[in-house]
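Note sheet for the following structure.
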Amino acid sequence: MFSKSFPFQSLFTLAHRRFLTSILVALVAMFGWGLAPALAAKDIPAVALSPTETITFTERELARGKKLFNANCAQCHVGGQTYPNPDVSLKLSDLEGATPPRDNVLAIVDYIKNPVTYDGVESLLEYHPNTQLISEYPRLRNLNDEDLKLIAGYILVQAKTLPGWGGTKSESHSDLAGYL
């Protein structure tokens, strides 16, 4: 009676069942025990934490940094560009050329707390969104140092890995020609 209800059962010999069972066990081991994320992990480059140290962020940290960047910075820095001042972007060469250089996590965090002009001469505390600005842009005041580090890490990883990050409007539009 059982074989009449399930005629396909006779198709599977004991060897077939053992083989399928071993495949199933292997899949459960990979996905159920956390090996799949290790096999699928992206190659995230290390970035400068300070002038003498590097740091590698996890995918989760970068995802959080991206979310914070999009919520707090992307209004003016879409794709790493700087819409109020297109001459100064978030591409690595521009960050390196600032005074002081803003090419590491701690330097970007310092800038978000105490922004200055690109040449480092004048304070932008009253103009550029920062953690001290009370009236114009208060959202940054709610970010802690860890949040600021994640934003900075996101910026630096994008600057290292994303072609066109921080390019000018004309540069970023010319990059699209290859995709059209």
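The values are calculated or read from the model by the stated rules, or taken from the named source; none is laboratory data. Everything quoted here is computed from the prediction, not taken from an experiment. Neighbour counts run over all protein chains shown; Cβ positions are idealised from the backbone, glycine included.
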- Query: In segment 79-100, which residue that is among the hydrophobic types (A, V, I, L, M, F, W, C) and either out of contact with any helix residue (DSSP H, G or I) (no Cβ under 9 Å at 6 or more places or on another chain) or part of a loop (DSSP other than H, G, I, E, B) (or both) is modelled with the lowest pLDDT?
  - Reply: Val88
- Message: Among the residues that make up segment 166-173, is at least one of them at pLDDT 90 or above and not hydroxyl-bearing (Ser, Thr, Tyr)?
- Response: yes
- Query: So Val88 clears everything in (1) surrounded by 13 or more Cβ atoms within 10 Å (Cβ to Cβ); (2) among the aliphatic types (A, V, I, L, M); (3) touching a residue at least 40 places away in the same chain (Cβ under 8 Å) except one condition, right? Which one?
  - Reply: (3)
- Item | Cross-chain or 6+ apart pairs with Cβ under 9 Å, segment 49-65 first and within 15 Å of Leu106 (Cβ to Cβ), then part of a strand (DSSP E or B) and β-branched (Val, Ile, Thr) | Leu49/Ile55; Thr54/Val47; Ile55/Val47; Phe57/Val47
- Message: All but one of (1) at pLDDT below 90; (2) closer than 21 Å to Ile155 by Cβ hold for Tyr111; state the number of the condition that does not hold.
- Response: (1)
